[in-house]
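Quick notes on the structure that follows.
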Amino acid sequence: MKKIIFAAIAAIVCLAACKQSALSFEGKVVDATMNTLVIANDGGEITINISDADPTKVEGVLLGDIVKVTYNQVPAGGENFINVVESLVVTAPSYYRVIAGSWLAKGVNDADFYGFTLAEDGSAKSINNLTFRAKEWVLDGEELVLTGEADSTGTVVSRTVVYKIDRLDADSLILSNKETGAVEWACGRESE
């Protein structure tokens with residue numbers, strides 16, 4: 001009987017000692033599927049399985065979000081492991097989360113303003129800009145790509161403009177020329 005009790009206690013101690021503590025990783029979401037996230041930082045990247053994640057412990061994520069993930073490694077046969085998410089927190093949102101809306105810049109005098117509206121569905125509309133009529137927008141990393149029509153001496157032509165995002169937060173958007181680095185738009189969010 002003492003041997004059975006000793007064996008049971010030894011098994012419990014072994015299980016407790018063998019149980020792996022959760023690991024953590026912080027980085028940018030660079031790829032996502034229905035069941036996995038690929039998160040990368042300067043030290044490398046990790047693929048996390050989110051298929052059975054508890055929705056109360058895992059925030060919705062977008063490409064470009066900076067996240068901190070806590071995960072466990074689960075044996076997957078042989079020497080292979082699957083990284084299964086335990087919790088995930090967005091520590092810095094991607095540009096997609098804050099860029100949609102109307103952005104305005106001052107014109108020649110304080111009463112004039114111009115800019116554009118970026119809708120969540122990827123459509124765009126120019127505000128008080130007769131030379132370029134924005135139609136669509138997309139983010140490419142840290143660049144804003146606007147596609148539309150330009151009116152050049154009475155001739156309408158399709159045009160795509162790529163801006164580097166120098167700053168983007170809830171209230172301000174600063175875009176510069178990708179080649180020259182010169183600021184072309186210093187906008188504030190239009191209040192609703």
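Read the figures in this text as sums done on the coordinates, not as results from a lab. The structure presented is a predicted model; accordingly, all values stated were derived computationally and were not measured. Note that we place each Cβ from the backbone using ideal geometry, even for glycine, and neighbour counts take in every protein chain shown.
Annotations for the structure displayed:
- Contact order relative to length of the chain, as percent, for alpha carbon pairs under 8 angstrom and 6 or more apart: 12 percent
- The stretch 21-93, relative contact order in percent, only Cα pairs under 8 angstrom and at least six apart counted: 33 percent
- Between 0 and 90°, nearest 10: helix 2-18 axis offset from the chain longest Cα axis: 20 degrees
- Label assignment, Kirkwood radius over Cα pairs in Å derived from the structure, set (1) 17.4; (2) 20.4; (3) 18.9: (2)
- Modelled FRET efficiency - R0 45 Å, VAL89 with SER123, Cβ distances, 0.05 increments: 0.90
- Helical runs (DSSP H, four residues minimum) scored at -39500 (n - 2.57) apiece and divided by the length of the chain put the mean residue ellipticity at 222 nm at -3500 deg cm²/dmol.
- Each residue of the stretch 67-81 is assigned a 3J(HN,Hα), and the resulting list reads 10, 10, 10, 10, 8, 10, 9, 10, x, 10, x, x, 9, 8, 10 Hz, derived from the Karplus form 6.51 cos²θ - 1.76 cosθ + 1.60 (θ = phi - 60°), x at Gly and Pro.
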